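What follows is one structure encoded as structure tokens, with my remarks underneath.
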Amino acid sequence: MAAPTDGAESWEAVGAVNSHMYAAGSSGGSHPLNRSVSGTPGAPTDASSGHSGHSGHGADEPHIVRSTSLSELLPRVDGQHRVRSVAAATDARSVPGSTISGGGASGGGGGAPGDGGIQYFGMQRRSPSTVSVGGSSGGIAGYYDLDMRDTASTHSSTSRRTANSSVSSFPTMSRDLRKEEVCTVYTSAPNRRLNCVLCSKVYKDPVITTCGHTFCRRCCNKPSERCPIDNCPVSIVVANLAVSDQIAELMIHCKYGCKQVEGSPEEWKVDPEGCPVTIKLSQRRTHEQTCEYAQVRCPNSENCPVVLRKNLDEHLRVCEQKACPHAKYNCPFRGTQDQVREHLQTCRFEMLKDFLSEVHEKISRLQRQVRQKDEEITFLRTMLANVSDRLNMLEKNYEFRMERLDEAQAKLQREVTDYKSHTNILSNEVSTIASRTGMARDVQPFKCVGTFVGHEGPVWSLCTSGDLLYSGSSDNSIKVWGPVPTVWDPNSSYRCQRTLSGHTGIVLALTTWNDFLYSGGADNTIRIWRLDNFAQEATLHAHDNPVCTLAASRGMLFSGSLKIIRVWDTSQHTMVRELAGQNHWVRALVATDRYLYAGSYQSIKVWDLETFDTVQMVDVSGGSVYSLQVTNELLICGTYENSIHIWSLSNLEQTQKTTLTGHAGTVYALVVVESGGQQRLFSASYDRTIRVWNLDSMTCMQTLIRHQGSVSCLATMHGRLYSGAVDCSLKVWQ
């Protein structure tokens, strides 16, 4: 067992096993609740002074071990185990008499008190019913019950002392604490054969060894110790816990029935005027907690004399120190119970007791809140420390990643250099091919010159106005992208200037007219935004289904949805006409100064904007029309079945048309750009590509592959092409 620390408890028991008496105890050791029943060897501290005589048993004497919980033998008081030190021993040299003393140079068992520990004293029998502490020779041992609950803190720095030190020799122990050390007086002396053969002292934590004999644990832990009976090496097998039952059955006098011998403050005897009760050692705590002969203090004042518990009620009736019930509010009155009752009739606090009680309750509540806030502050400080540690880790990780990023950037620069070299080679080859096919030599291929990142969802619509680009997305927002001018190129870089929120669904269509931006979405509404400050002007509940496309011309706004087109007045923001008769979703609209073109399932309708009469119906093969583009000479549409159909505006009645193939998915968007004296058609598709077509030769000149998702919309501005895709990004081509 480990040596006792501050506040540690020790125990000792005496009992008989197979008609022999053994003692179990320890002047040091671990807490009894932590003591192993199997008797695991340890190193108990022992500072006992000498020993006398031998008293043991033969090698053939049996030893009985019974598993008994020590906690059953240690009564609990106020949730704690009180400390009990027990010693009992006799030898042939004990002097007949009635006084028991202990702690001599050859005393029969002692220990040195550690911090919060227990000191054991040897005893010598002198005269009947008298016990003393501190003698000169060993003898019959007595039992001391030390209440060390307050002593532990007082003696936390007291060093270990020898067993022959008397109680009065403790320099740090006050007189009041010495009074708490009460000797246990037995009704009859314990059995004499209680000494260990090895140390001739009372058994301290008795254990059974491999040779079958019982010794003190501390004796067995000594180096090279051997059994004096059969000369076998001493090795612990199990603790001898059975002796604890005998201690519990020993009869003792109540400590309030004992008094010190006159002239000898260290000797104790039975007090005929004290408590007459004799009890078992195991029942001592239960009795002494309620003993009528216990000395108690008056609860009214510390200045009152100490009285017996049985006389406390009588004292309280005449005590003149009873405080007013409102003393906590600083009422100074004190007197007897009757005087206090009379005082309450005139006490100024009595009339305010309800108010004072309420204030006291509020103060208590505030104090609890303060304590709670203190706990929260402590918790937050802990969390802040954790965050600080985490931040330090992130800083280290950031430095590591920056190093990796520098390496990746250097690698990327090398790849860009290689890419430019390959691009120059391809440009030369394209020029050669163009010259051979009759194309202008000054035509250069389009390259991706930038990427806009900011949307949290796929980009489904684009439009331009002045120097600004507008994009609509599945994140229900519209972003406004504007140029960040530089010295060498005013349009070299675009940044997000504003984010417009209001839609509760995907923004599927965008267009501008005069000073307004119009947006249509999956929430079935058209929202109108001012271009000067981007404030929302109005909201039109346009359709019963999502608004798929928008177009504007001649002061009118056209919106397409399921089987219907509605016409809105842009000055009043009111609906002026409804164009019905469509056979499916209207996903594409183009409005010129004279005509409105609408694409639906396998058809394109043309309305005259003067009369709103249908002037042309063009049949389309390849499924629904997803995109439309009109030039001065051509009508172009992109279809669900991957094709691009081209008609001459001067001959729409003819079925003759040109079909461009090459895409592997639905053609979502079309844009025509004049470049180098030629017309180029850009087509965006579900297959993640943008194809560049020469409308003079009706051939594909270039395929732009940079997006990681379907390309859903296109727009042009200042000779540049802008594309939006399902990969949530926008790219700039030039």
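Read the figures in this text as sums done on the coordinates, not as results from a lab. Treat the numbers as computed from the prediction; the structure is a model and nothing was measured. All Cβ positions, glycine included, derive from the backbone under ideal geometry; neighbour counts span all protein chains shown.
Under the definition of Cα pairs under 8 Å and six or more residues apart, what whole-number percent is the relative contact order of the stretch 521-583?
So the answer I get is 22 percent.
So, by mean Cβ neighbours within 10 angstrom, what's the order for 404-414, 538-548, 229-239 with the highest one leading? Kindly include the intermediate steps, with their values, before the conclusion.
Working: 404-414: 10.5, 538-548: 17.1, 229-239: 15.5.
Listed from highest to lowest mean packing, they are 538-548, 229-239, 404-414.
With each label point set 7 Å from Cα along the Cα-Cβ vector, what nm distance links Ser301 and Ser264?
Roughly 4.1 nm, to one decimal.
Only residues of the stretch 702-734 count here: report those whose backbone N is under 13 Å from the spot 7 Å along Cα→Cβ of Gln678, or say none.
702-703
For Glu292, put the label point 7 Å out on the Cα→Cβ axis and report which residues of the stretch 302-339 keep their amide N under 13 Å from it.
Answer for the stretch 302-339: 308-314.
What is the dipole size for the stretch 580-734, taken about its Cα centre, with +1 at each Lys and Arg Cβ and -1 at each Asp and Glu Cβ, in debye to the nearest 20?
It works out to roughly 600 debye.
What FRET efficiency comes out for the pair Phe534/Val576, r = Cβ-Cβ distance, R0 = 25 Å, nearest 0.05?
Efficiency, rounded to the nearest 0.05: 0.40.
Among 570-578, 644-652, how do they line up by average Cβ neighbours within 10 Å per residue, starting with the highest?
Descending packing order for the listed peptides: 644-652, 570-578.
For the charge dipole of the stretch 193-344, defined by +1 on Lys and Arg C-beta atoms and -1 on Asp and Glu C-beta atoms about the Cα centroid, which residue among Val270, Gln260, Pro233 has the Cα displaced farthest towards the positive pole?
Pro233
If I stretch the segment between Thr378 and Tyr398 completely, what's the gain in nm (0.36 nm per residue apart, minus their alpha carbon distance), one decimal?
Taking Thr378 through Tyr398 to full extension adds about 4.2 nm, to one decimal.
Which lysines, on any chain, are close to Lys259 with Cα under 29 Å apart, when same-chain ones fewer than 8 places away are left out?
Once the sequence-local lysines are set aside, what remains near Lys259 is Lys179, Lys201, Lys204, Lys269, Lys280, Lys310.
Starting from the Cα-Cα distance between Asn386 and Leu649, subtract it from 0.36 nm times their residue separation and give me the gain in nm to one decimal.
Roughly 87.5 nm would be gained on extension.
Would you mind putting 392-402, 465-475 in packing order, based on average other-beta-carbon counts within 10 Å, highest first? Present the calculation step by step, with values, prior to reporting the outcome.
Numbers: 392-402: 10.5, 465-475: 20.2.
Top of the packing list down: 465-475, 392-402.
Quick one: if the Förster radius is 30 Å, what FRET efficiency do Thr658 and Val453 give, using the C-beta to C-beta distance and rounding to 0.05?
Once the sixth-power term is evaluated, E becomes 0.20.
For Thr611 and Ala410, what does the FRET efficiency come to when R0 = 56 Å and r is the distance between their Cβ atoms, rounded to the nearest 0.05? Each step should come with its number before you reach the end.
Values: r = 67 Å, r/R0 = 1.19.
The value I calculate is 0.25.
Enter the Cα centre distance for the pair the stretch 502-536 and the stretch 310-326, rounded to the nearest angstrom.
87
Label-point separation (nm) for Val484 and His541, each offset 7 Å from Cα along Cα-to-Cβ?
Taking the two extended label points, one gets 4.3 nm.
Pull up the cross-link candidates among the lysines for Lys563, meaning alpha carbon to alpha carbon under 24 Å and not fewer than 8 places away within one chain.
The qualifying lysines are Lys605.
Among rounded, prolate and oblate, which fits the stretch 457-667 when a ≥ b ≥ c are the square roots of the eigenvalues of its C-alpha gyration tensor, a/c under 1.5 means rounded, and a/b larger than b/c means prolate?
It is prolate, given that a/c is not under 1.5 and a/b is the larger ratio.
Roughly how far apart, in whole Å, are the Cα centres of the stretch 369-422 and the stretch 698-725?
Each part's Cα centre sits 37 Å from the other's.
In the stretch 457-667, with Lys and Arg counted as +1 and Asp and Glu as -1 at Cβ, which of these residues, Gly560, Val480, Gly662, has the Cα nearest the positive end of the dipole, that is, farthest along it?
Val480
Classify the stretch 271-395 from the C-alpha gyration tensor, please: rounded if a/c falls under 1.5, else prolate or oblate depending on whether a/b exceeds b/c. Mind showing how you got there, number by number?
Values: a/c = 4.78, a/b = 1.50, b/c = 3.18.
Oblate.
What distance in nm lies between label points placed 7 Å from Cα along the C-beta direction at Glu225 and Gln367?
5.3
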